[in-house]
1. Pick from 250, 261, 297: which is within 16 Å of ligand 2 (Cβ to nearest atom), more than 20 Å from residue 205 (Cα to Cα) and at pLDDT 95 or above?
2. Determine which member of the set 149, 78, 132, 157 is modelled with pLDDT under 95 and either closer than 18 Å to residue 240 by Cβ or within 16 Å of ligand 1 (Cβ to nearest atom) (or both).
3. Just to be sure I understand, how many residues within the range 97-130 are under 30 Å from residue 239 (Cα atoms), of a type in the set (Val, Ile, Thr) and outside any strand (DSSP E or B)?
4. Would you check if residue 133 is of a type in the set (A, V, I, L, M), crowded, with 17+ Cβ neighbours inside 10 Å and in a loop (DSSP other than H, G, I, E, B)?
5. Answer yes or no: is there a residue in the range 239-257 that is closer than 28 Å to residue 178 by Cβ, in contact with a His (Cβ under 7 Å, 6 or more places away or on another chain) and assigned to a helix (DSSP H, G or I).
6. Starting from residues that are in contact (Cβ under 8 Å) with a residue 40 or more places away in the chain and among the hydroxyl-bearing types (Ser, Thr, Tyr), keep the ones in the range 203-261 and report whichever is surrounded by the fewest Cβ atoms within 10 Å (Cβ to Cβ).
7. Report yes if residue 94 is at pLDDT 95 or above, away from ligand 1 (no atom under 16 Å from the Cβ), crowded, with 21+ Cβ neighbours inside 10 Å and not in a strand (DSSP E or B), otherwise no.
8. Among the candidates 184, 159, 170, single out the residue that is within 16 Å of ligand 2 (Cβ to nearest atom) and of a type outside the set (Phe, Trp, Tyr).
Amino acid sequence: MAFVLGIEGTAWNLGAAVVDDDCVLVEKMDAYLPTSGGIHPRDAAQHHADVIIKLIREVLTFAGENDLKIDAVAFSQGPGLGPCLRTVATAARAISLGFDIPLVGVNHCVAHVEVGIWRTEASDPITLYVSGANSQVLAYQSGKYRILGETLDIGVGNAFDKFARSIGLAHPGGPRIEELASGAEGYIELPYTVKGMDFSFTGLTTAATEAHEKGANLSDLCHSFQETAFAMLVEVTERAVAHTGKDEVLLGGGVGANRRLQKMLEIMCDGRGIDFYVPENRFLGDNAAMIAHLGNLQLKAGDVTAIEESAVKPGFRPDDVQVTWK
Ligand code: AMP
Ligand code: MG
């Protein structure tokens with residue numbers, strides 16, 4: 001059995017973890033929280049550079065004390081913010097060279113899917129992956145994770161965060177909006193944008209911000225924002241199920257922590273007689289265990305990354321990855 005160290009740092013969350021085939025042995029995370037406004041890529045990268053040595057030292061100390069010999073180091077090669085990705089990749093290369101162990105570059109979106117499959121009973125799901133920067137409906141077909149639908153502009157998490165900022169809430173705003181929505185008494189009509197299998201969130205965000213400026217009730221607005229955004233996501237997910245004939249839906253990404261989104265997907269899946277899976281919260285948002293786990297799957301398949309090929313890929317798409325481990 002292999003022990004794989006994984007490092008995540010595509011955006012605001014930096015983490016390091018060691019996994020084996022069955023469990024997460026250790027994981028340390030340290031999130032960059034902007035004091036005002038959203039995530040500034042350079043500040044986030046500076047944060048990562050400031051804490052990465054400490055995090056990796058903690059994880060490796062744990063490994064040493066427990067006689068775990070690290071067999072490979074995996075890192076998020078993309079997609080993500082360039083300066084953040086480069087900080088993480090540099091650390092991973094140094095560890096690979098220093099300990100003379102294989103380097104494994106992994107796709108962050110595919111890692112979200114694979115960790116969900118690992119931590120739930122799902123085996124071949126339609127995955128709704130909804131995070132800050134990404135929103136995609138994915139399915140494994142003919143050797144690749146195909147993107148069946150995706151956002152045409154911003155990720156749904158960013159839409160929550162932007163709207164939250166516009167009403168004076170701190171980053172990340174998603175959890176606060178969910179709280180406020182629970183006190184709603186009415187629904188306010190907002191733009192619902194599904195085009196084919198894709199969706200878009202900027203129109204919704206702008207309209208919600210304007211409704212707030214005009215004095216709309218805040219709880220009603222948060223509720224309506226959630227209902228509208230999630231209805232778009234569930235519609236496309238359901239269509240992906242119908243097109244592919246798959247009988248499982250898996251939820252992933254930080255927005256997946258939202259109970260209302262979970263409920264809506266559950267209702268849709270119940271209606272179709274298919275299974276719905278959502279992993280524990282710690283495996284929804286960006287985490288290092290998912291990078292280590294996909295690294296482990298790739299390592300077993302001999303799918304490792306030469307240093308010369310380890311350049312970061314800020315626009316790395318899941319369907320650029322040839323799945324070698326299935
Ligand atoms: P990730 O990029 O996967 O780490 O997820 C972070 C995103 O998830 C941020 O945009 C958060 O605002 C969003 N988020 C976290 N919890 C919730 C929630 N309960 N409802 C909606 N969005 C959430
Ligand atoms: Mg993510």
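The values are calculated or read from the model by the stated rules, or taken from the named source; none is laboratory data. All of these numbers come straight from a predicted model, not from anything done at the bench. All Cβ positions, even for glycine, are placed from backbone atoms using ideal geometry, and neighbour counts span all protein chains on display.
1. 250
2. Values: 149 fails: modelled with pLDDT under 95; 78 fails: modelled with pLDDT under 95; 157 fails: modelled with pLDDT under 95.
Unique residue meeting the criteria: 132.
3. Of all residues in the range 97-130, those under 30 Å from residue 239 (Cα atoms) come to 106-130.
With of a type in the set (Val, Ile, Thr) added as a condition, the list becomes 106, 110, 113, 115, 117, 120, 126-127, 130.
Adding the requirement that they be outside any strand (DSSP E or B) leaves 110, 113, 115, 117, 120.
Matching residues across the range 97-130 total 5.
4. Numbers: of a type in the set (A, V, I, L, M): yes; crowded, with 17+ Cβ neighbours inside 10 Å: yes; in a loop (DSSP other than H, G, I, E, B): yes.
When the stated conditions are applied, residue 133 passes them.
5. No, there is no match, as no residue in the range 239-257 is closer than 28 Å to residue 178 by Cβ, in contact with a His (Cβ under 7 Å, 6 or more places away or on another chain) and assigned to a helix (DSSP H, G or I).
6. Taking the candidates together, the pick is 244.
7. On the way: at pLDDT 95 or above: yes; away from ligand 1 (no atom under 16 Å from the Cβ): yes; crowded, with 21+ Cβ neighbours inside 10 Å: no; not in a strand (DSSP E or B): yes.
Answer is no for this residue.
8. None of the others qualify; the one that does is 159.
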